[in-house]
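Here is the structure we will look at, set down as structure tokens.
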Amino acid sequence: MASRMHNHEAFKADEAAGIVVAAGSGSRLGGHVPKQFHMLGGKPVLRWSVEAMLRCNKIAEVVVVAPSGSMAEIAGMLPADARVRIVAGSPVSRTESVRNGLAALAGRPPRHVLIHDAARPGLSAAVIEELLVALEDADAAAPALPVTDALKRSGPTLQSVERDGLVRVQTPQAFRWDVINRAYASATDAAVDDLALVEASGAKVVLTPGRAELMKITYPEDLAVAEKLIASPALRVGSGFDVHGFEPGDAVVLCGIAIPHTKKLEGHSDADAAWHALTDAILGALALGDIGDHFPPSDPQWKGAASIRFLQHAVKLAHDRGYHIANADITILAERPKIAPHREAMRIATAEAMSVPADAVSVKATTTEKLGFVGREEGIAAQATVLLSR
Ligand code: CTP
Ligand code: MG
């Protein structure tokens with residue numbers, strides 16, 4: 001890769017370039033250091049999106065547009081990669097900064113170009129991939145999110161604005177090279193964004209799914225939100241443990257499967273110790289307390305509720321925070337009944353309950369060699385470990 005760039009060979013047919021504009025002063029955030037150079041999760045804000053672009057093998061070059069006075073300093077913030085080039089931007093206008101980025105590519109134009117704000121560190125390979133796929137059939141593409149808040153125009157009197165059909169457009173905004181190059185040739189400084197320059201020309205523009213984490217750091221309070229959304233760990237682990245005693249009955253329920261036995265587990269509803277342990281493991285991974293905090297038996301809506309509701313609620317809490325269940329490992333401690341014949345059904349029921357592939361769930365069982373309360377057949381214990389991934 002390095003030698004190809006230095007040889008100034010042409011871009012391959014399917015290759016794109018990225019432009020990351022980082023020449024602004026961040027006046028709304030304030031302070032002495034522009035926001036794109038602040039540290040976020042241990043690295044400069046700017047570096048996050050440059051790294052995301054470099055991870056995508058369709059991006060053959062990344063042009064970083066930096067303040068002209070601090071080019072060397074910015075080089076030190078970026079990965080030492082031959083695909084990264086730094087050029088000077090304009091302190092007064094983003095449009096001018098983008099223009100400088102495009103000019104840097106003009107000698108050896110790529111087929112597609114992605115123009116991105118350095119102030120949006122939450123860029124992912126998936127977003128880039130979706131934009132490049134969209135460009136197969138469009139002149140331009142950009143990630144967008146529906147507007148969910150009520151909209152008003154403030155002034156002497158407050159006026160409601162119709163929200164239907166309105167979207168918030170983020171970056172990267174992706175273009176066929178000739179389309180954006182032509183648009184910039186006649187661009188003025190008044191453009192809202194890069195997309196605005198091509199909209200009027202009748203170009204075909206496609207919107208791809210936006211992301212909360214693609215937020216732009218603009219005001220001081222955005223730094224803390226970005227830290228939570230973007231820089232929190234990509235993996236989280238949790239463990240859970242539960243015990244239920246026996247009472248007279250004819251089956252125990254474990255991982256949603258009724259296993260015939262001469263006793264049942266004591267507790268409201270199904271007393272599924274395995275899913276209770278798993279629910280606790282997920283809550284533990286999220287540092288959200290335990291099953292008793294979320295589903296107090298004193299609350300009528302949870303009294304006697306089936307364990308699948310607890311489990312699915314915990315999975316939803318994970319999803320809401322941007323995590324999915326990477327895998328779960330459950331161990332049942334029971335002298336009797338024999339678990340082995342039911343393991344496969346338990347695994348599948350658990351995977352289905354969490355909407356994950358079956359191979360993401362393991363169910364194991366052991367006796368305790370007749371020792372302790374499990375060995376005396378006073379009850380059953382279950383433990384679970386879960387890994388959450390972003
Ligand atoms: N940008 C740029 N050159 C400019 C202005 C902005 O390269 N003359 C870049 C910023 O560095 C940022 C992105 O464009 O990554 C989006 O702009 P914005 O959020 O408005 O950043 P600033 O202009 O730096 O902030 P402010 O408007 O608060 O001063
Ligand atoms: Mg600005």
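The values are calculated or read from the model by the stated rules, or taken from the named source; none is laboratory data. Source: prediction; values computed, not measured. We place every Cβ from the backbone using ideal geometry, glycine too, and count neighbours over all the protein chains shown.
Can you confirm whether Lys264 is outside the structural domain of Ser97 (by TED's automatic domain parsing) and either more than 30 Å from Arg347 (Cβ to Cβ) or of a type in the set (Lys, Arg) (or both)? Here the answer is yes, as Lys264 does meet what is asked.
What strands (runs of 3 or more DSSP E), lying completely within the stretch 145-185, carry at least 1 residues that are among the hydrophobic types (A, V, I, L, M, F, W, C) and closer than 30 Å to Ile19 by Cβ?
Details: elements: 151-153, 159-161, 167-169, 173-176.
The qualifying strands (runs of 3 or more DSSP E) are 167-169, 173-176.
Within the stretch 235-253, the residues that satisfy the criterion of being among the small types (Gly, Ala, Ser) and either touching a Gly at 6+ places or on another chain (Cβ under 7 Å) or in a strand (DSSP E or B) (or both) are Gly238, Ser239, Gly240, Gly245, Ala251. Taking Ala382 as the residue in question, decide whether it is within 17 Å of Cys255 (Cβ to Cβ), among the aliphatic types (A, V, I, L, M) and either out of contact with any helix residue (DSSP H, G or I) (no Cβ under 6 Å at 6 or more places or on another chain) or at pLDDT 95 or above (or both). Taking the combined requirement at face value, the residue satisfies it.
In the set (1) surrounded by 13 or more Cβ atoms within 10 Å (Cβ to Cβ); (2) away from ligand 2 (no atom under 16 Å from the Cβ); (3) closer than 20 Å to Ala103 by Cα, the condition left unmet by Gly69 is number (1). The residue of the stretch 202-217 that is farthest from Trp177 (Cα to Cα), among those that are among the hydrophobic types (A, V, I, L, M, F, W, C) and assigned to a strand (DSSP E or B), is Leu207. Inside the stretch 32-83, residues that are touching a residue at least 60 places away in the same chain (Cβ under 8 Å) and among the small types (Gly, Ala, Ser) make up a count of 5.
Among the residues of the stretch 125-152, those that are under 27 Å from Glu15 (Cα atoms), surrounded by fewer than 21 Cβ atoms within 10 Å (Cβ to Cβ) and not aliphatic (A, V, I, L, M) comprise Glu129, Glu130, Glu136, Asp137, Asp139.
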